[in-house]
1. Whether any residue in segment 566-582 is surrounded by fewer than 19 Cβ atoms within 10 Å (Cβ to Cβ) and either of a type in the set (A, V, I, L, M) or at positive phi (or both) is what I want to check.
2. In the set Ala101, Ala78, which member is farther than 22 Å from Val193 by Cα, buried (at least 16 other Cβ atoms within 10 Å of the Cβ) and touching a Cys at 6+ places or on another chain (Cβ under 6 Å)?
3. So how many residues does segment 254-268 have that are touching a helix residue (DSSP H, G or I) at 6+ places or on another chain (Cβ under 6 Å), under 26 Å from Val125 (Cβ atoms) and open to solvent by 50 Å² or more (accessible area, probe 1.4 Å)?
4. Which of the residues spanning segment 795-820 are at pLDDT below 90 and surrounded by fewer than 18 Cβ atoms within 10 Å (Cβ to Cβ)?
5. Check off (1) out of contact with any Pro (no Cβ under 9 Å at 6 or more places or on another chain); (2) assigned to a strand (DSSP E or B); (3) open to solvent by less than 20 Å² (accessible area, probe 1.4 Å); (4) within 24 Å of Pro374 (Cα to Cα) for Leu120 and give me the number that stays unchecked.
6. Across segment 726-749, what is the number of residues that are open to solvent by 30 Å² or more (accessible area, probe 1.4 Å) and either of a type in the set (A, V, I, L, M) or under 15 Å from Ala775 (Cβ atoms) (or both)?
7. Mind checking which strands (runs of 3 or more DSSP E) fall wholly inside segment 642-689 and carry at least 2 residues that are touching a residue at least 12 places away in the same chain (Cβ under 8 Å), surrounded by 15 or more Cβ atoms within 10 Å (Cβ to Cβ) and within 35 Å of the chain's Cα centre (by Cα)?
8. Just to be sure before I move on: is Thr355 in contact (Cβ under 8 Å) with a residue 40 or more places away in the chain and of a type in the set (Val, Ile, Thr) in the structure I sent?
Amino acid sequence: MGWAPKSDEKKDRLFNRHLFNRPLIPCLGSFSGGILTAAYPVFPAGHVLGFPILLAVSICLLASLFYSGRSRAYLLVAAFFLTGALLTSENRLPSQLRSLAIHHQKVIIEGVVLEPPKHLSPSMVRMKVSARDLVREKNLFPINENISVTVYRNAMPFQPGEKIRFPARLRPFKSFQNPGHFDYEKFMTLQGVTCAAAVSDGRRIVPMGPGTLPFWRGGVERLQAPVRTFFEASLDHRDAALFRALILGERQGIDPSLRETFNRSGLGHLLAVSGLHIGLVAWAAFFLFKWGLSRSYRLLLTTDIRKWCAFLTCFPVIGYTLLAGCQISAQRAMIMVLAYLVSLILGKEKEVWSTLSLAGLVILFLDPMAIFTPSFQLSFLAVTGILWLTPSILNKLGYGKHASPNHNSLLRSGVAYFAGLAAVSMSALYFLLPITAFYFHRIPLVSIPANLTTIPILGLWVLPLGLLSVLTLPLSSHMAAFFLHGSTWGLDMMMAIIRFWSNLSCASIWIFTPNLFEIGLFYAFTFFAFFAGRRRWAKFGLAAVLFFIMIDAAFWVHRVRFNRDLEVVFLDVGKGNAALISFPGGKKMMIDGGGFSSGHFDVGKMVIAPFLWHRKIGAINYLVLSHPQADHMNGLRFIAKAFHPKEFWYNGDRVETQSYKDLMTILENEGILKKRPLQLQKKIYVNGAEIEVLYPKPEEETSEISSDGKRLNNRSMVLKVSYGGTSILFPGDLEEPGEKNLLTHAGARVKSDILLSPHHGSRTSSSEAFLEMVAPQLCVISSGEDRFGRFPHPVVLKRLDEMECETVCINSSGAVTVKVGPDGFDVNSFVSGASRNRE
């Protein structure tokens with residue numbers, strides 16, 4: 001047994017070698033673990049455990065001085081873990097405005113505009129304001145919180161740094177509570193914004209002259225203001241918006257259609273000053289400094305000019321980050337680039353993983369909650385994928401570091417450049433696939449050729465001349481305009497290429513949302529596949545991962561296409577209706593799609609579609625519109641375009657709104673069969689489920705255009721879906737006159753076990769005669785948030801209570817799921833998760 005000590009000694013040496021040669025890697029892992037642990041709501045706040053954690057960190061660091069080997073490593077890892085937990089728990093700051101926002105209080109606030117306003121419509125803007133004082137009975141109560149202010153009409157063109165006083169109604173940020181939803185409340189909290197404030201009329205905002213911006217923000221605004229004015233005065237709206245995004249990091253002027261052009265071609269990252277932009281500036285500055293310093297023969301002999309170039313490059317990188325507004329994405333990119341430049345100065349440029357870990361530690365030390373933001377995850381994982389996969393791809397292409405050089409071929413140098421760019425793009429695109437699908441639900445198929453054809457123009461033409469125009473602006477406006485217009489020519493060429501890629505029918509595809517388990521499977525597959533050719537254990541790991549992938553795929557195929565029960569999900573879409581019916585055997589029907597009359601928020605794209613992708617649903621068979629009003633119709637436009645429905649059912653009513661015209665255009669372009677009550681008189685059967693259109697009468701169809709809201713409500717298409725002895729009634733927005741007409745026409749056929757409350761529980765609906773005839777056991781109310789108590793109305797709730805009908809309000813419970821089987825139905829709400837069985 002004499003070999004055992006030698007074996008243990010060898011293991012210790014290997015452990016110490018890997019750990020202490022690259023100690024930043026385990027330190028980053030433990031620091032991140034501490035952040036994730038402390039972020040859970042059950043973890044006590046920082047003031048409770050702050051001192052004990054700080055004491056424990058001190059003990060670990062002190063003890064590490066007296067230990068070596070594994071013991072020291074474990075102590076350092078523990079110290080970083082506790083430090084991450086301490087910083088995260090201390091990050092939970094109290095808010096004075098949040099408690100007022102929960103109760104929708106109306107207040108008067110004095111504050112300073114922080115950023116240029118974003119125009120949501122010609123008369124509606126949203127701006128970020130630093131609230132400084134709360135005005136109560138002519139007294140000022142100091143506060144210091146950032147809020148998001150929306151001005152709904154008569155908005156004035158306020159600029160950053162202006163002090164304003166305004167009356168507003170506060171409200172908390174609220175997410176739509178559906179499975180797979182985007183946590184908007186958490187997102188805004190991570191952005192440092194406390195709550196939202198609504199100003200009904202911009203004329204009520206009182207300008208109070210120049211205000212005081214935070215120190216760093218004030219300096220940045222002094223840099224940005226003249227450049228912003230110069231861009232807007234010298235260029236048309238589109239070019240000015242693009243240069244503001246590329247140079248100043250301000251995306252407020254990018255309209256949705258222009259943003260969609262970039263997103264479809266996989267170039268959305270160009271609109272945010274991030275790693276690409278900072279990296280291009282660093283590369284150009286390093287090249288210029290190296291060219292300049294290498295002119296001196298003496299410097300070449302006496303110094304390492306690469307280190308001097310790296311040192312000098314730090315200043316342009318920092319300067320560009322300040323010019324770009326010190327946006328969060330730019331700050332993180334700057335830290336990563338500076339970390340690499342420091343490694344060059346120290347002669348540690350080959351330690352790329354330690355450099356990346358150092359950058360991650362600095363970023364998370366400054367902002368521990370950054371680990372939960374999409375921008376940090378995307379940038380950090382993109383760099384990880386590039387560092388890991390790019391060398392292997394280049395070796396496969398014959399352009400790796402061991403490839404034989406060919407100094408006589410300019411063509412080969414050019415090909416090598418594009419091969420490197422392609423390898424970087426492929427590595428980043430592949431490694432970000434699950435994260436991109438998780439957050440954006442889209443995979444751009446033309447991303448690699450689009451990046452290959454646009455990044456050289458951006459890096460060698462648009463960005464250098466654009467920054468040169470900014471540098472020369474204080475010296476000569478004419479010279480600055482000359483460089484800017486030269487950059488515009490490159491921008492026009494770049495936009496022509498982007499439009500070409502974006503207009504291709506196969507430019508991008510919408511994709512299912514992976515869950516955390518599936519994301520883990522993807523990276524496990526990548527890890528084991530990478531080592532499978534060289535390590536035996538990797539082959540076993542790869543086989544295990546493939547087995548779990550097949551199990552996961554089989555689960556979802558069975559759930560989506562071979563379900564035995566009927567399932568109805570009443571979605572949370574605010575004050576509107578949207579319900580998904582999954583019939584036995586897999587066919588799907590969407591009844592209404594929610595929506596808002598303002599049109600700046602697409603409920604179909606941002607709320608309903610993410611739920612469908614979360615459920616791995618890629619197609620809807622039947623699309624139903626009860627009546628053409630915004631809160632039922634607007635969300636259906638995206639669903640009709642992206643989910644390929646076969647049939648569209650509606651009552652035939654027409655309105656003169658743009659959203660209705662858009663919906664009809666999409667139906668025509670997609671070749672979707674339209675059916676009205678005349679074609680739906682007979683019962684329709686789908687794998688044992690029965691669908692019946694009860695109202696309006698086929699002979700009452702009209703082709704005239706109407707704008708009368710009550711008339712549209714009272715002509716809502718009414719559907720009754722039955723399965724296994726249980727029936728569900730969908731009455732749209734029927735009010736009392738429409739309910740009387742329905743009862744006259746359908747009579748006892750309206751009797752149902754489950755009722756979707758007509759007109760969101762309004763007092764003008766759910767008449768006693770209607771409720772007595774339907775006699776529901778369960779009533780689902782989709783009313784959204786209503787601070788005035790009109791939706792649902794107390795009178796309606798009282799009637800339902802007197803009938804001993806169970807009531808579920810989606811606003812408080814989130815999405816409601818009803819599963820119908822031979823033995824009755826189960827009810828489950830998204831927020832509470834409680835399940836109730838009714839036979």
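The values are calculated or read from the model by the stated rules, or taken from the named source; none is laboratory data. All of these numbers come straight from a predicted model, not from anything done at the bench. Reconstructed Cβ throughout: ideal geometry from the backbone, glycine too, with neighbour counts over all protein chains shown. Surface areas here come from the heavy atoms of the whole protein model, side chains and all, with no ligands, DNA or RNA. Shrake-Rupley method; radii C 1.70, N 1.55, O 1.52, S 1.80 Å.
1. Checked segment 566-582: no residue is surrounded by fewer than 19 Cβ atoms within 10 Å (Cβ to Cβ) and either of a type in the set (A, V, I, L, M) or at positive phi (or both).
2. Of the residues listed, the single one that is farther than 22 Å from Val193 by Cα, buried (at least 16 other Cβ atoms within 10 Å of the Cβ) and touching a Cys at 6+ places or on another chain (Cβ under 6 Å) is Ala78.
3. 0
4. Listed by number, the list holds a single entry, Ser812.
5. (3)
6. Here is the first cut: in segment 726-749, the ones open to solvent by 30 Å² or more (accessible area, probe 1.4 Å) are 736-737, 740-741, 743-745, 748-749.
Now drop any that are not either of a type in the set (A, V, I, L, M) or under 15 Å from Ala775 (Cβ atoms) (or both), which leaves 743, 748-749.
Residues in segment 726-749 being open to solvent by 30 Å² or more (accessible area, probe 1.4 Å) and either of a type in the set (A, V, I, L, M) or under 15 Å from Ala775 (Cβ atoms) (or both): 3 in total.
7. 647-649
8. Taking the combined requirement at face value, the residue does not satisfy it.
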